[in-house]
Structures are given as structure tokens and as C-alpha cells.
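The values are calculated or read from the model by the stated rules, or taken from the named source; none is laboratory data. All of these numbers come straight from a predicted model, not from anything done at the bench. Here the Cβ positions follow ideal geometry from the backbone for every residue, glycine too, while neighbour counts run over all protein chains shown. Keep in mind that these areas ignore ligands, DNA and RNA; they rest on the heavy atoms of the full protein, side chains included. Shrake-Rupley method; radii C 1.70, N 1.55, O 1.52, S 1.80 Å.
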Amino acid sequence: EALCHQKFEADGGPALTSTLVLLLAGLRAVFGDEVMTFRIVSDLHKALDAHNAHRAVGDVLLAKSPSLGEYMTERIAFELLALGKRLLTEQGLPSRSSILQHITKNTPSDPIGLLAHAAVLNFLCLRVVRHPTVYADVFGNNRTPERILLGDVTELDRDEDIWKSFPEFCSALPGCHHLHPAMRLSAWVIYSYRCAADSFGDKSTLRAPDLRPLLRLDLIDQPGFPLVMRVTPTPNAPTSGFGFSEDLDYNDLDTVRRAMQKGAAVNWTAGRSTWQQTFINDVHGFQALLLECRDRLGCLEAVSASNLCSLIRGSAGLAVNKDLCKLMLDVYFVGNSAWLQDSETANNPAFVAAWFLFCYHDTDLAFLVHFPQVPFPFLAWAARNASIPLRLSVDPEHCHRRLVLEIEGVASQLELNASFDRKVQLLWRGHFCALFPARLIDERIARAAFVIAATRFPPLPEWPALLQHLCHVLHGLASSAAVEALANDHNLMRLWTAAPPLESATLPWPNAERFMRGLMSPALVTPLPEVFQRYLIANLPPAAEHWFPADECENISYLSLKFEQALRSLDRIAEILPRMGPSSR
């Protein structure tokens, strides 16, 4: 718009200049930035003076982008110019209220008219809502167009983050290559109307139009915008169709890359067939190919998971490794790939890439923060499958410390529900079973300690002392020193006594009864620490008599070791088994 006002307003006045702005904005919205050049601006300005302006505009657009076809270029020019006549005033672009009134009262029944409507609608949203001060100033300050062109007005940067043209939308749409082109166009129209509704704050009025007219388009798929052959009288079922593709040698990655640079269509099905027979070994060539792709997820899905993992593992130590891993993760995250939830498959390319970033390139798991469902499956996968990179990492000890903290952080975020015990076991299984933290920082880590300590015996020598002591108690083989150490761990006792383990409001404390039985074992021949004695007296349930060895129930020496110290310190009889009724006592 700034360029048009600077170059042409003196020649044609505000109305003609605004028509050109509206036309350029609509073409850019439908076909993307590839149709925008300084040359086409001048050519379109001349075409608007022609007798059949829409045909002249169509000819300019066809010369710029022959792949769009003569039918589409002429029809979109006609619809955009017709819409401009209905919207524009002698002073130029209309007000917000005028836009809303026209949109709500005029829903196109023609498919190409519907595309033109969505395109112009979003440009006007950016113009009127996103940058009202800047655009208002274009008309009132002769220096503003020059400032915009020089880059002094920064509010216009990265508008594609707010509203996307059709090609930009398709690039950001996960699994776009699986959709029929009519479905992609429909999705973009819905997206455009929703953006407009959000911008204008009028979601009740700006509802998405009837999309059935778009099914009347006879389309052939290709990169960028599909080729429109005609508009049929009745809708077509979007279940199958045709598409252009180049006859390429998919073993020659550089040839495929250069073909994509020229806008050629790539058949990923043919590529998959080739790459299933021939492994890709050129990591630099594959990275360059992936960077050039419009449909990066389609490219990754065409290569077997084992081949992708081999490329990552084979490039360890090379500079390209980090770039390839980050690129692959970005693609999988944007595409919400199923790999991000698969914690069992060893050759999971998404998690192999994340693991190499963590181990080799000192990258923490902050890159997963925007995908809160991913860290747990990733660490559960690494516990089972990722031992070798840890041993070969640049600094194994540093990597080990970071890994302990990352697992601890993920465990601290787990929900206390029926799946908690299973998830904890998945986190600290396999290669990670020796990575339990030394301190019980919160209730979830304390609960996890009871789960992990009960799963194996004897305890691992790499385990922290606290976990080893807990393991001995849970397996009925605790020493007096182990029990004393547990009693002196302030974090454990604070968390243990804060909520009664046998009557937790959210989830029963794992292995609580087993732990209490371990404390009651006659093998402990020294007095039970008072903190445990008091807890047992106050919290034993009514059915706890089977916890006591039958031949010890009347053994005064045994009962003295377990309860005497606490009993002597009680002030009231009500403190003894307060959860049991008086008759039970």
C-alpha cells in the first residue's frame, strides 16, 4: 500500500490507488508472496486502465505465474475488481462498519468469489484493526509511505504470524499433503473468517459462510495454489483427484532439491518406494532437501524411521547433527506427529533427535515446554532405549546430573491418579533406574520413592542411601540403622505425616501397609524410633491386627520395642488410635 501511494496516487487519485491496493492484497492472500514483485505492481496499475480490466489483470498474473492457469487468473481478477467496486468509495478504502455490513449481507455463492471475499476480508482486518494508526497516517502524512518502505515503521513486520495467506496456511497446517485441495481451500476460508471475527470482536455476526460452493471447483493439485480447470454445476466429492508431479530420480537428493527450488511437484509416494529399497546415507544432502521442502512432514514420513534414526546416529559429532535434529523436531512438533507419544519404539526419530540434542549439544528440555504432553513419553522412551548416547555424550557426568533433574521435574508434574504408579515405574526403569534423586522434594517424589523401592531387591548400589533404606524396610529386611536414617530424614517424615498414607484424599500412598509391616518386623531388635511409634499408634487401621506376628502379640518385650517410648509421651488416652471408636480400643 505504501508503494502504491508513493508511486501512483498522483496519476490516478485515491480511488484507483485503493483499487490497486485491494487487488494486490487479494492476490497476495490467495497465491502468496511469490506473485508480488515491483514489476507486477506497475503492470497491474497499467492494466486497470484497460477496457477489459479483469482480462488485462489476468494476463499480467498469468505471465507472472503460468502454473495458475488462464481460467483462474481471469476469474480471480474479475471477482476482486467487482468486490472493489462494491466496497471502495471515492475516498478510498471503507470504514470498519461498512466492511462488516457488506460481509454480513453478501455471502458469495460462486467458489472463486468466496475466495476473493475471504482474501480481501483479511487484508481489511489487518488494515483497519491490526494497524489503524499506521494506515490512517498513510493518507494524512506524505512521509509515511517513504518511512514504511525504508523500514522505519516496524508495526508491519511478520503479519503472517497474525494472518496467513493460503500458501502460508498450508505450510503451517499439519498433514496438509493428505488433504484434498478443496478441503485445504475450505479450511483456509474458515480460518480467514475466524481471524476476522477475532480482529473485529464480532464472532456472532462474522460466521463462516457456506463452503459447499468450493466443492464445485475442478482442481488438479500442485505446489502452491491448485490448478483450477473449471467450476462445475454440481459439487464434486473430495475423495480422490489428480495432481502434477515431476518424474524424478529420488536416489539423487540434489536433483530432487533443485526441482523443488523451481516449484516442481514432488511425489512423496514415489520417494517412499525408492527409499524403502535404498537407504539414504547423505546426511548433508537430506538436510538440504528437508530445508527446501514445502511439505517437510511429508518428506519425513516418506523415509523409514530406522533410516532417519541412522542419519542422526551416523552424524554424531558433526555440526550438521544439531541442525538436523532441531529441524526434525520442529517439523514433528508443528505436525503433532504420533511419534511424540510413542515411548516404546526404539527407532523413534522424534525422540532420537531430542535425545541427541540433550546429550551431545547440552540442550535442556525447555524446547518441550510448549508441548506439555511430550516430556513424559520422551523420558519414558529414553529410560528404555537411550543408554548408548548417554555414555558417549560430551560430558557424561554433567549429562547425568541434568537428567536426574529433568526426570525429577517431570515426575513432580504427574497427576495423582490411578496411573501414577505405572508412570513412575516407566520413568525410572531400564537405564534410568539408578537415577533417582537424593532428596524427596515433594509428595510426588516421595510417593515415587515408595513405588521404585518396592519394585526390586536388592537395592541398586547407585541408589541414594534413602532409597536403599526404604527398599530394605519394604522387603522386610531393614536394619535398625536403616530405620533410624529414615526417621531422621525430615523431608520424608514431613511428607509422610502431612497426609495419612492409608486415608489419602487423592490416592492411597503406594505400599503404605507394606512399609508399616516392615516397621513392625520382629527382626528389628532395637526400639523403633519414636516418630514411627507415634505414627503407628495414631494411624493403625481397625484391621491392622494381622500386621503383628501372631506369636508376638502378647510379647511384652516386642510391644515395648514398638510402642513403649511413644506411649509414655502421650498426654491423653484419646491420642491412642484416634481413628478407632472407643469400643474398638
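Of the residues GLN413, GLN373, the single one that is modelled with pLDDT under 80 and at negative phi is GLN373.
Looking only at the stretch 261-271, which residues are more than 21 Å from ASP323 (Cβ to Cβ) and open to solvent by 80 Å² or more (accessible area, probe 1.4 Å)?
Correct list: LYS262, THR269.
Per-residue answers, yes or no, for (1) over 16 Å from HIS400 (Cβ atoms); (2) out of contact with any Asp or Glu (no Cβ under 7 Å at 6 or more places or on another chain); (3) in a helix (DSSP H, G or I):
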| position | (1), (2), (3) |
| --- | --- |
| ARG422 | yes, yes, yes |
| GLN425 | yes, yes, yes |
| PHE436 | no, yes, no |
| ALA448 | yes, yes, yes |
| ILE452 | yes, yes, yes |
| PHE457 | yes, yes, no |
| LEU460 | no, yes, no |
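If the condition is being assigned to a loop (DSSP other than H, G, I, E, B), at pLDDT 80 or above, closer than 22 Å to THR455 by Cα and open to solvent by 40 Å² or more (accessible area, probe 1.4 Å), then the stretch 493-528 contributes ASN511, ALA523.
Scanning the stretch 279-337 for residues that are closer than 16 Å to CYS176 by Cβ and touching a Gly at 6+ places or on another chain (Cβ under 7 Å) yields LEU297, ALA302, GLY335. Here the condition is being modelled with pLDDT of 95 or more and closer than 28 Å to TYR360 by Cα; of ASN307, ASN321, it holds for ASN307 alone.
Determine, yes or no, whether LEU16 is surrounded by 15 or more Cβ atoms within 10 Å (Cβ to Cβ), at pLDDT below 80 and either among the aliphatic types (A, V, I, L, M) or not in a helix (DSSP H, G or I) (or both). Criteria met by LEU16. Consider the stretch 272-294 and keep the residues that are open to solvent by 40 Å² or more (accessible area, probe 1.4 Å) and in a loop (DSSP other than H, G, I, E, B). The one that is modelled with the lowest pLDDT is ARG294.
Within the bounds of the stretch 173-191, is there any residue that is over 23 Å from SER65 (Cβ atoms), in contact with a Cys (Cβ under 7 Å, 6 or more places away or on another chain), open to solvent by less than 30 Å² (accessible area, probe 1.4 Å) and in a helix (DSSP H, G or I)? No, the stretch 173-191 contains no residue that is over 23 Å from SER65 (Cβ atoms), in contact with a Cys (Cβ under 7 Å, 6 or more places away or on another chain), open to solvent by less than 30 Å² (accessible area, probe 1.4 Å) and in a helix (DSSP H, G or I).
Sort out which residues of the stretch 224-235 are part of a loop (DSSP other than H, G, I, E, B) and either touching a Phe, Trp or Tyr at 6+ places or on another chain (Cβ under 7 Å) or open to solvent by less than 60 Å² (accessible area, probe 1.4 Å) (or both), and write them in order of number. Walk me through it before giving the result.
Step one: list which residues in the stretch 224-235 are part of a loop (DSSP other than H, G, I, E, B), which gives 224-226, 232-235.
Within the stretch 224-235, GLY224, PHE225, PRO226, THR232 meet the criteria.
Rundown of residues vs (1) open to solvent by 60 Å² or more (accessible area, probe 1.4 Å); (2) touching a Pro at 6+ places or on another chain (Cβ under 8 Å); (3) more than 23 Å from LEU519 (Cα to Cα); (4) β-branched (Val, Ile, Thr), yes/no style:
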{"site": "CYS399", "(1), (2), (3), (4)": "no, no, yes, no"}
{"site": "SER412", "(1), (2), (3), (4)": "no, no, yes, no"}
{"site": "LEU427", "(1), (2), (3), (4)": "no, no, yes, no"}
{"site": "ALA438", "(1), (2), (3), (4)": "yes, yes, no, no"}
{"site": "ALA453", "(1), (2), (3), (4)": "no, yes, no, no"}
{"site": "LEU467", "(1), (2), (3), (4)": "no, yes, no, no"}
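Would the stretch 343-350 turn up any residue that is in a helix (DSSP H, G or I) and either more than 21 Å from the chain's Cα centre (by Cα) or surrounded by fewer than 21 Cβ atoms within 10 Å (Cβ to Cβ) (or both)? Scanning the stretch 343-350, I find no residue that is in a helix (DSSP H, G or I) and either more than 21 Å from the chain's Cα centre (by Cα) or surrounded by fewer than 21 Cβ atoms within 10 Å (Cβ to Cβ) (or both), so the answer is no.
For LEU88, the criteria (1) open to solvent by 10 Å² or more (accessible area, probe 1.4 Å); (2) of a type outside the set (S, T, N, Q); (3) at pLDDT 90 or above hold in every case but one, which is (3).
Within the stretch 228-251, residues that are under 17 Å from LEU68 (Cβ atoms) reach partners that are part of a loop (DSSP other than H, G, I, E, B) with beta carbons closer than 7 Å, at six or more positions or on different chains, in the pairs VAL228/GLY69; GLY243/GLN222; GLY243/ALA265; PHE244/GLN222; PHE244/ALA265. Do you know which residues across the stretch 462-477 are outside any loop (DSSP other than H, G, I, E, B) and in contact with a helix residue (DSSP H, G or I) (Cβ under 6 Å, 6 or more places away or on another chain)? Correct list: LEU467, HIS469, LEU470, CYS471, HIS472, VAL473, LEU474. Considered as a group, the residues in the stretch 326-342 that are aromatic (Phe, Trp, Tyr) and open to solvent by 10 Å² or more (accessible area, probe 1.4 Å) include one that is farthest from ALA302 (Cα to Cα), and that residue is PHE333. State whether one or more residues within the stretch 529-540 are open to solvent by 40 Å² or more (accessible area, probe 1.4 Å), under 30 Å from ARG422 (Cβ atoms), modelled with pLDDT under 85 and part of a helix (DSSP H, G or I). Within the stretch 529-540, none of the residues are open to solvent by 40 Å² or more (accessible area, probe 1.4 Å), under 30 Å from ARG422 (Cβ atoms), modelled with pLDDT under 85 and part of a helix (DSSP H, G or I).
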